[in-house]
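Visitor: Structure provided below as C-alpha cells; questions to follow.
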Amino acid sequence: MNKNNITHKYDCLNNIEQILQQCNDDNIKNLIIDLRELIFYQMHEIRDQRMQIISSQHKNAWKQYDRPMDQYDYLTRSYVDKPDRTDTMGC
C-alpha cells in the first residue's frame, strides 16, 4: 500500500468535527470521539511497528558489511556463506 492510499484511507477522519457538530446525542458523540482516538492510536502503533521493522532490516543489512572481503564473491555480488554440514549425527 503506497502513501497516497493511506492518506485517502483516513480522509474521513477530517470530517469528524463536522459530524460531531451536527450530532445531538452526547452518547453518540462520545462513541465517535472514542473511535477516533482508537484509530489515531492504532495508526501511531502501526507506524512505530513499521519503523521498528525497517530499523531491524537495516541493522541486519549493515551486519553484512562487517564481514571480511575474502568472503565476498564479486561475480554474484553477495557474500559466500559457509556450507551446511551434511553429517549431523556427529559419529
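The values are calculated or read from the model by the stated rules, or taken from the named source; none is laboratory data. Just so you know, these numbers come straight off a predicted model, no measurement behind them. Cβ placement follows ideal geometry from the backbone for every residue including glycine, while neighbour counts extend to all protein chains displayed.
Visitor: On the basis of being more than 26 Å from the chain's Cα centre (by Cα) and either exposed (fewer than 10 other Cβ atoms within 10 Å of the Cβ) or not in a helix (DSSP H, G or I) (or both), does L75 make the cut?
Guide: It is true that L75 is more than 26 Å from the chain's Cα centre (by Cα) and either exposed (fewer than 10 other Cβ atoms within 10 Å of the Cβ) or not in a helix (DSSP H, G or I) (or both).
Visitor: Considering only the stretch 41-83, how many residues are of a type in the set (F, W, Y) and at pLDDT 90 or above? First the steps, then the outcome.
Guide: First, pick out the residues of the stretch 41-83 that are of a type in the set (F, W, Y): 41, 62, 65, 72, 74, 79.
Checking which are at pLDDT 90 or above leaves us with 41.
Summing the residues that are of a type in the set (F, W, Y) and at pLDDT 90 or above in the stretch 41-83 gives 1.
Visitor: Within the stretch 29-65, can you find the residues that are of a type in the set (K, R) and surrounded by 10 or more Cβ atoms within 10 Å (Cβ to Cβ)?
Guide: K29, R36, R47, R50
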